[in-house]
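Where a number appears in this text, it was derived from the coordinates with a stated rule and is not lab data. If you're wondering where the values come from, they're calculated on a predicted model, not measured in any experiment. Cβ: placed from backbone, ideal geometry, glycine included. Neighbour counts: every protein chain shown.
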Amino acid sequence: MINPAKHSARRRAYVNANIVAPAQGLNGKGGILIEDGWILDVGPKVTKDSVGASATVTDCKGLTLIPGLIDMRVFTGEPGTEYRETLASASGAAAAGGVTTMIVMPNTQPVIDDAAIVDFILRRARDTASVRVAPMAAITKGLNGEMMTEIGLLKEAGAVAITEGTKPVASANVFRRALTYAKDFDLLVVQHVEEPSLSSGVMNAGETASRLGLSGNPAMSEVIMLERDLRLVEMTGARYHASQISSRHSVEVMRAAKARGLPVTCGASVHHLVLNENDIGAYRTFFKLSPPLRSEDDRRALVEAVADGTIDVIVSGHDPQSADTKRLPFAEAAYGAIGLETLLSAALSLHHNEGVPLACLVEAMSSKPAEILRLETGRLAPGAPADFAIVDLNLSWIVEEDVLRSRAKNSPFEHRTLEGRAVETIVAGESVFAYARS
Amino acid sequence: MTRDARPPLLKRQHLLAIDDISSLEAIRILDLAERYVEVSRQTDKRQLVLQGRTQVNLFFEASTRTQSSFEIAGKRLGADVMNMAVANSAVSKGETLLDTAMTINAMQPDFLVVRHPSSGAAELLAQKVSCAVINAGDGQHEHPTQALLDALTIRRHKKQFEGLIVAICGDVLHSRVARSNIHLLNKLGAQVRVVAPSTLLPSGIGNFGVEVHRSMETGLKGADVVMMLRLQLERMTGAFVPSIREYYRFYGLNAETLKIAKPDAMVMHPGPMNRGIEIDSDVADGVQSVIREQVEMGVAVRMAVLDALSRNIPGGGNS
């Protein structure tokens with residue numbers, strides 16, 4: 001028997017919102033009714049009057065309501081380098097950015113290459129994190145590119161995919177076997193596409209690198225690895241996802257592969273969609289990324305590919321680094337930028353300034369990653385987990401060290417004004433973040 | 001010249017890259033350097049415009065000639081010069097470049113002369129310290145005082161830059177000297193060529209305002225100045241060029257290849273030379289060579305740079 005008193009207390013509604021959930025065909029005025037962490041109803045029918053007195057009602061006053069974002073590429077320092085970031089601190093940043101699920105990478109110390117470590121991550125997340133966390137496990141033991149991990153046991157423990165995170169599996173033979181074996185468990189294989197022998201450079205190869213006297217990493221390095229992998233996918237039939245592509249050539253290669261019907265998808269980081277190699281300026285290490293920021297022409301190609309669906313997923317690539325790894329000469333500095341908290345805001349600039357439909361951006365950060373990873377979140381439908389964000393599309397805010405919740409402060413958007421952000425984030429029906437206007 | 005009566009010459013606190021400075025600023029430094037050439041040839045070489053100033057030479061890469069050149073320049077101007085031998089310092093104990101620089105900065109130097117194997121190191125320091133930073137070579141980026149001393153040497157022989165053909169030959173890819181020289185000679189109106197195998201040319205070099213040549217036969221034709229670059233021996237074998245003897249055969253400068261250039265062409269080299277590899281001894285020591293003179297001009301140019309930058313330090317450098 002359901003206790004009606006308790007029942008009504010846990011029932012909540014967000015009404016008078018502009019709901020954007022393209023995968024469910026929602027794009028317009030409506031509301032959402034939730035109970036015990038699950039969605040009961042969503043759409044234009046859900047109004048203040050329809051839910052009656054049975055629910056606590058929040059008036060969204062016309063703000064936009066989207067599915068909670070799923071960020072498919074997040075690094076934290078837990079376990080191993082907690083001074084950079086913990087699951088808890090990263091989840092605080094995620095919540096502030098409207099991200100309700102973080103997919104964490106296996107590049108930790110120790111590496112997530114064992115079922116016990118998957119279990120550790122999930123338990124730590126349950127006890128300390130304010131958003132959902134799901135790990136990807138390593139493809140090879142210790143990320144050494146040689147011995148396959150226990151793919152079946154890792155999946156059973158809760159790994160949502162396998163990847164080497166910041167590096168590729170260089171050996172075609174090892175990668176072929178991993179694809180073949182992962183296919184039996186229907187597990188997604190995620191690759192960092194970069195041919196190692198062509199990737200000794202520290203920024204995009206070309207005139208800018210030559211002027212700065214920095215060694216270049218050519219876009220071809222990415223294309224060569226991508227094309228190799230696609231042949232192996234053709235051979236094995238495994239589900240394959242290129243974690244981040246960064247160049248026009250890669251976009252063309254992915255477009256052709258999809259046209260051929262291969263089971264492949266790809267992502268791009270929001271940094272590669274809104275920044276280019278010229279942003280490095282006077283050796284600014286917060287713009288040192290892997291793959292490197294490329295030319296404006298490449299950036300434009302990526303934006304088009306998001307708009308036409310060739311790029312399935314937008315990620316933050318959140319990678320916390322501290323002064324000891326970033327306040328160094330460019331070539332010596334670590335790769336990576338934080339991004340959980342700015343993912344949505346930066347992506348919205350593509351909507352505001354470059355005409356990318358909002359629905360397309362929302363899909364690339366919610367329903368698409370959910371579909372690729374087979375998650376039940378990422379959608380607004382009755383029976384789905386109540387993960388969503390209320391977004392003010394036009395709220396301007398300045399990215400400053402003291403407002404960022406991440407323990408690391410290496411944001412390439414430091415001191416920039418971004419337009420639009422999450423003002424409330426709800427995970428499993430609970431509000432985990434509310435924006436305080438200053 | 002008294003300390004108070006010196007007009008400002010540069011619009012900047014630091015000298016980090018030739019790319020940043022205007023041709024007018026460069027010419028002012030060259031003009032001032034001419035005077036320091038004369039000073040340096042006197043019996044009493046002191047010109048105490050930097051008395052009381054402190055200059056720290058912070059060299060993270062071994063260098064005999066540049067470091068001693070900066071040291072002599074500072075001392076002739078009356079500065080207190082300290083050479084920081086990095087091998088003996090905290091850097092080898094894991095302290096970062098910035099920590100080291102901040103520590104030195106706290107001792108109130110007026111000049112920090114820095115050489116570092118990483119491109120952008122001087123820029124990074126300049127953002128964090130309060131004294132004037134002089135880039136004495138950062139990675140493969142720039143070596144501004146080398147370009148200035150090369151320009152001074154050229155000007156003393158050729159009187160002007162307009163219409164001069166300067167061929168920069170060899171490992172342009174890894175050379176900060178080449179980058180600084182390309183920028184400066186372009187600003188001053190010379191016509192710059194680079195001559196190298198494609199594996200030793202940086203990507204996008206065509207957009208640097210240079211003519212690109214892959215052979216000495218075309219590259220040296222009609223050249224007024226032949227500037228040879230040092231080939232780093234560790235880069236010789238296999239990775240960039242197949243062998244030393246092959247490199248010498250196609251890109252070495254000897255008496256024969258020098259004949260392709262104009263009869264009065266100057267031969268330059270930033271040093272240290274690999275004799276018998278990029279340059280033959282008879283050419284290096286021959287009548288057309290100005291390699292020794294480059295070293296002399298180096299001291300004068302560095303005196304000029306120190307003097308010029310000191311004019312922009314407020315309150316006698318103690319603020």
Practice task
Report, to the nearest 10°, how far helix A:248-259 tilts away from the longest principal axis of the Cα atoms in chain A, using its own Cα long axis and a range of 0 to 90°.
Solution key: 70
Exercise for the section: Working from Cα positions, state the angle (0 to 90°, nearest 10) between the long axis of helix A:219-236 and the longest principal axis of chain A. Expected result: 70
Exercise for the section: Return the subset of B:LYS159/B:LYS262; A:LYS258/A:LYS368; A:LYS258/A:LYS288; A:LYS61/A:LYS409; B:LYS75/B:LYS158; A:LYS141/A:LYS288 for which the Cα-Cα distance in this structure is over 21 Å, preserving the input order. Expected result: A:LYS258/A:LYS288; A:LYS61/A:LYS409; B:LYS75/B:LYS158; A:LYS141/A:LYS288
Exercise for the section: Please compute the net charge surrounding A:PRO412, taking Lys and Arg as +1 and Asp and Glu as -1 over other residues with Cβ under 9 Å from its Cβ. Expected result: 0
Exercise for the section: Over all directions, average the projected area of the Cα convex hull of the range A:132-284 and note it in nm². Expected result: 10.0
Fill in the blank from the handout: Exposure proxy check on A:THR265, A:THR101, A:THR180: fewest-to-most Cβ neighbours within 10 Å is A:THR180, A:THR265, A:THR101
Problem - Debye log10 I(q)/I(0) at q = 0.06, 0.10 Å⁻¹ for the protein assembly as shown, Cα point scatterers - result: -0.46, -1.01
Handout entry: Longest exposed-site-free window of chain B, the sites being GluC sites (Glu not before Pro) in a DSSP loop that have at most 14 other C-beta atoms within 10 Å
Key = B:163-319
Problem - Principal axis box of chain A, alpha-carbon based, largest edge first, Å - result: 65, 47, 44
Handout entry: Residue-by-residue Karplus 3J(HN,Hα) for the range B:199-210, coefficients 6.51, -1.76, 1.60, Hz, glycine and proline x
Key = 5, 10, 10, x, 5, x, 4, x, 8, 8, x, 10
Problem - Degrees between helix A:296-307 axis and first principal axis of chain A (Cα, 0 to 90, nearest 10) - result: 40
Completion exercise
FRET efficiency for A:GLN109 and B:SER243 from the Cβ-Cβ distance with R0 = 30 Å, rounded to 0.05, comes out at 0.10
Exercise for the section: Work out how much length B:ASP31 to B:ARG6 would gain on full extension: take 0.36 nm times their residue separation and subtract the Cα-Cα distance, in nm to one decimal. Expected result: 7.6 nm
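Order of B:ASP20, A:ASP114, A:ASP36 from fewest to most other C-beta atoms within 10 Å?
Numbers: B:ASP20 16, A:ASP114 19, A:ASP36 12.
Fewest-to-most Cβ neighbours within 10 Å comes out as A:ASP36, B:ASP20, A:ASP114.
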Completion exercise
Largest fluctuation, B:GLY298, B:GLY286, B:GLY204 only, Gaussian network model of chain B with Cα springs under 10 angstrom, belongs to B:GLY204
Practice task
State the three equivalent ellipsoid semi-axes of the range A:41-97, derived from the C-alpha gyration tensor as the square roots of 5 times its eigenvalues, in descending order and whole Å.
Solution key: 37, 12, 9
Fill in the blank from the handout: Expressed in angstrom and ordered largest first, the alpha-carbon extents of the range A:351-431 along the principal axes are 40, 32, 22
Handout entry: Overall Cα dimensions of the range A:190-275, principal axis frame, Å, largest first
Key = 43, 28, 18
Completion exercise
Taking the range B:146-207, the whole-percent share of alpha-carbon pairs separated by over 16 angstrom is 41
Handout entry: Kyte-Doolittle mean at least -1.0, axial Cα span of 24 Å or more - DSSP H helices of chain B
Key = B:23-41, B:291-310
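If you take the beta carbon distance between B:GLU162 and B:GLU211 as r and set R0 to 25 Å, what does 1/(1 + (r/R0)^6) give as a FRET efficiency, to the nearest 0.05?
0.90
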Exercise for the section: Would you pull out the residues with amide H under 5 Å of A:PHE433's amide H, same chain only if 5 or more places away, H placed 1.01 Å from N? Expected result: A:THR425
Handout entry: Values of log10 I(q)/I(0), in the order q = 0.11, 0.12, 0.16 Å⁻¹, for the range A:38-154 under a Debye, Cα-only, solvent-free model
Key = -0.50, -0.56, -0.79
Exercise for the section: Assign one of three labels to the range A:6-73, namely rounded, prolate or oblate, based on the Cα gyration tensor with a ≥ b ≥ c the square roots of its eigenvalues; rounded applies when a/c is under 1.5, prolate when it is not and a/b is larger than b/c, and oblate otherwise. Expected result: oblate
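When the chain is fully extended, how far beyond the present Cα-Cα distance does A:GLU400 get from A:GLU376, taking 0.36 nm per residue of separation?
5.2 nm
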